[in-house]
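Heads up: the structure comes next, in structure tokens.
The values are calculated or read from the model by the stated rules, or taken from the named source; none is laboratory data. It should be emphasised that the depicted structure is a prediction, and the values quoted were computed from it without experimental measurement. Cβ atoms come from the backbone with ideal geometry, glycine included; neighbour counts cover every protein chain shown.
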Amino acid sequence: MEQAKEKTSDNNMRRLARLAAVQGLYQLALMPEPASELIKRFRDDPTVLLQEEETTIAVDVDMFGQIVAGVSDNLESIDTMIKGAMSERLSADRLEPLLRAILRAGAYELLHRGDVAPGIIVNDYIDVTHGFFDAKEPGLVNAILDRLAKTLRS
């Protein structure tokens, strides 16, 4: 029983880290600064990106840092992968910054987190997308990250 609670807690910590990483990447897109500065501020006070009630659950700050730094360090290759996974009808350059942040974080994890099942990564980023969008964006995130998962993990 204790192990099940711990696993749920770990999952929630990772989900919040993903949400915070997307918000951080979005912030960096709007107001560029070194990723290391944002990571430091978040480590000092997670409420800079998360609401107070979300921070009652511990956040995996190491995972947050890995995603934000990893995306920032590999931005060009990640964007190329995303563009390659998109339908020819869509332009990666026309994605709104928040949607681009979601896709970048998901793509980074699919590429660099071989220890996490692709389905978990894709589903968590679809959930993050649902938190911000109501229309067809969650389906778009699903399609692109699923294509990337099949390409990167096959």
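The table below gives the values:
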| read-out | value |
| --- | --- |
| Condition met for Phe132 (touching a residue at least 40 places away in the same chain (Cβ under 8 Å), within 22 Å of Ala35 (Cβ to Cβ) and among the aromatic types (Phe, Trp, Tyr)) | no |
| Test for Ser91: is it out of contact with any helix residue (DSSP H, G or I) (no Cβ under 8 Å at 6 or more places or on another chain), closer than 20 Å to Ala149 by Cβ and of a type outside the set (Val, Ile, Thr) | no |
| Only one of Arg113, Arg104 that is among the basic types (Lys, Arg), closer than 22 Å to Asp62 by Cα and either touching an Asp or Glu at 6+ places or on another chain (Cβ under 8 Å) or exposed (fewer than 14 other Cβ atoms within 10 Å of the Cβ) (or both) | Arg104 |
| Residue in the range 88-99 that is closer than 28 Å to Lys40 by Cβ, in contact (Cβ under 8 Å) with a residue 60 or more places away in the chain and touching a Phe, Trp or Tyr at 6+ places or on another chain (Cβ under 8 Å) present | yes |
| Residue within the range 39-47 that is aliphatic (A, V, I, L, M) and modelled with pLDDT of 90 or more present | yes |
| Test: residue in the range 119-132 that is surrounded by fewer than 14 Cβ atoms within 10 Å (Cβ to Cβ), outside any helix (DSSP H, G or I) and either more than 12 Å from the chain's Cα centre (by Cα) or at pLDDT 95 or above (or both) | no |
| Count of residues meeting criterion [within 14 Å of Ala107 (Cβ to Cβ), of a type in the set (A, V, I, L, M) and either in a loop (DSSP other than H, G, I, E, B) or more than 14 Å from the chain's Cα centre (by Cα) (or both)] in the range 60-96 | 5 |
| Cross-chain or 6+ apart pairs with Cβ under 8 Å, the range 33-59 first and closer than 17 Å to Val71 by Cβ and exposed (fewer than 14 other Cβ atoms within 10 Å of the Cβ), then small (Gly, Ala, Ser) and at pLDDT 85 or above | Ser36/Ala69 |
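Per-residue answers, yes or no, for (1) polar (S, T, N, Q); (2) at pLDDT below 95; (3) touching a Gly at 6+ places or on another chain (Cβ under 7 Å):
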position	(1), (2), (3)
Ser36	yes, no, no
Gln51	yes, yes, no
Ile67	no, no, no
Ala85	no, yes, no
Arg89	no, yes, no
